[in-house]
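Here the structure comes first, spelled out in structure tokens, and everything after it is commentary.
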Amino acid sequence: MKTKNLVVLGSTGTIGINTLKIVRQYPQQFRVVGLTACNNFKLLEKQIREFKPQYVAIGKQGFDYLRRRFDRASVKILDVDKESGFIVSLKSVDIVVIGMRGGAALAPFLEAVRHGKTVAPANKEALVMAGPLLMRLARKHNAKIIPVDSEQSAIFQCLEGHRREDLKRVILTASGGALRKVPLTRFDRLSVNEILRHPRWKMGEKITVDSATLMNKGFEVIEAMRLFDLTVDQVQVVIHPEAIIHSMVEFKDGSIIAQMGITDMRLPIQYALTYPHRLGTGLASTDFYHLKQLTFGKPDFKRFPSLALALRVAREGGTFPSVLNAADEVAVDAFLNQKINFTGIYRIVERTVRRHRIVRDPDLKQILEADIWARAQATRLIEE
Ligand code: MG
């Protein structure tokens, strides 16, 4: 495998930290060209010293701090909001890992595909907002998208070596979230701390809340539709609490292929980085003697109305997914800041979606307008 040059967007978050662990383990295989972060300039400083990127981008708070500590000949310090797109488009870059959260990932994602880079998105917001546009551009510019989200990585891996036209549907597994066994009557009193104790994956706060409401699974349905060119009816959500099967594909003859493994984000990240090769991870093997059984069930839409809402939005398409994503970002933020209770998240998002007037086949401008409209709308509903 020839050395690959990486840019890691969101290098101080969970995905970024895990990506750099892989680089640390395989220094011959990967070279870090660029790192970006929003706020955590102290950790970014350590990462600069260890991985020696040529370019980094940081938010306003960290800008002067980093500029004082590094001379311009060793590393260029740039503005994360304005210049992430420039970093991903550098000629030397092979792979762009998108670990940052939220809709802010859309602009650098677009830049990366326009420059024909291999993009490894863990971020699903960009694909939810502007999936058709991103996929169209990726085809046009020959950019490869190798998803890092574990379910999408599973589907991608299951499809390898098979003909796309033989695919019948995908079965998207969900661990069921932290609230699978919590009585529904308690939902409106659930605290931020209770929600953030997620049983299966270690993730950022926003996605942990989205996993509890199953909105995350709804986003993943939309993400799968975009990545693999599927209709909403070709994506079935199945609750699978053990989270050993990361998703499955069914071919037209009824044969099903599943991708399994322990729940560690390093697996799908590393696969995206080393594709089409594989390298050891040092992680434990799945122990089937210990596991004994895998179980499956149907999602309960009464407990998780956000998933039902996301499926409706997925069917509608157009600017609706962008509105769903923006409203959810605002509502989850309000919950984390204790402005609304847990069940308020769904109420705010649902009311925002209900008020939206769809634009079909939106261009980038219309997608961003819908995003801004939804943020303002959701913010107003929270303040009421
Ligand atoms: Mg996932």
**Request:** Sort out for me the strands (runs of 3 or more DSSP E) sitting completely within segment 192-295 that have 1 or more residues that are touching a strand residue (DSSP E or B) at 6+ places or on another chain (Cβ under 8 Å) and among the aromatic types (Phe, Trp, Tyr).
**Result:** 245-251
**Message:** If I ask for residues that are touching a Gly at 6+ places or on another chain (Cβ under 6 Å) and more than 19 Å from Leu127 (Cα to Cα), which ones from segment 76-102 would you list?
**Reply:** Val80, Ile87
**Asked** Only one residue in Lys292, Lys298, Lys302 is touching a helix residue (DSSP H, G or I) at 6+ places or on another chain (Cβ under 9 Å), surrounded by fewer than 16 Cβ atoms within 10 Å (Cβ to Cβ) and of a type outside the set (Ser, Thr, Tyr), so which one is that?
**Response** Lys302
**Request:** Give the residues of segment 143-175 that are more than 16 Å from the chain's Cα centre (by Cα), within 16 Å of the ligand (Cβ to nearest atom) and either modelled with pLDDT under 95 or of a type in the set (Asp, Glu) (or both), sorted by residue number.
**Result:** Ser175
**Message:** Here is a check on your reading of the model: is Ala178 more than 16 Å from the chain's Cα centre (by Cα), within 15 Å of the ligand (Cβ to nearest atom), surrounded by 16 or more Cβ atoms within 10 Å (Cβ to Cβ) and not polar (S, T, N, Q)?
**Reply:** yes
**Request:** Please verify whether segment 248-267 includes one or more residues that are of a type in the set (S, T, N, Q) and within 27 Å of Leu137 (Cα to Cα).
**Result:** no
**Asked** Does Ala130 meet the test of being touching a residue at least 60 places away in the same chain (Cβ under 8 Å), more than 16 Å from the ligand (Cβ to nearest atom), more than 24 Å from Val56 (Cα to Cα) and crowded, with 21+ Cβ neighbours inside 10 Å?
**Response** yes
**Message:** Just to verify a result, which residue in segment 344-363, among those that are farther than 15 Å from Asn325 by Cα and not small (Gly, Ala, Ser), is farthest from the chain's Cα centre (by Cα)?
**Reply:** Arg357
**Request:** Tell me, yes or no, whether segment 317-326 has at least one residue that is at pLDDT 95 or above, in a loop (DSSP other than H, G, I, E, B) and surrounded by fewer than 22 Cβ atoms within 10 Å (Cβ to Cβ).
**Result:** yes
**Request:** Would you mind stating whether Asp188 is assigned to a helix (DSSP H, G or I), farther than 21 Å from Phe156 by Cβ and away from the ligand (no atom under 16 Å from the Cβ)?
**Result:** yes
**Item:** Residues of segment 110-127 satisfying the condition of being within 16 Å of the ligand (Cβ to nearest atom) and either aliphatic (A, V, I, L, M) or in contact with a Cys (Cβ under 9 Å, 6 or more places away or on another chain) (or both)
**Value:** Ala120, Ala122, Ala126, Leu127
**Prompt:** Considering only segment 18-42, how many residues are crowded, with 17+ Cβ neighbours inside 10 Å and in a helix (DSSP H, G or I)?
**Reply:** 6
**Asked** Inside segment 78-174, counting only strands (runs of 3 or more DSSP E) that do not spill past its ends, which hold 1 or more residues that are basic (Lys, Arg)?
**Response** 167-174
**Request:** Take Val113 and decide whether it is over 24 Å from Asp333 (Cα atoms) and crowded, with 17+ Cβ neighbours inside 10 Å.
**Result:** yes
**Asked** Taking the condition within 16 Å of the ligand (Cβ to nearest atom) and modelled with pLDDT under 95, does Gly218 pass?
**Response** no
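The values are calculated or read from the model by the stated rules, or taken from the named source; none is laboratory data. The structure presented is a predicted model; accordingly, all values stated were derived computationally and were not measured. Cβ sites come from the backbone with ideal geometry, for glycine too, and all protein chains shown count toward neighbours.
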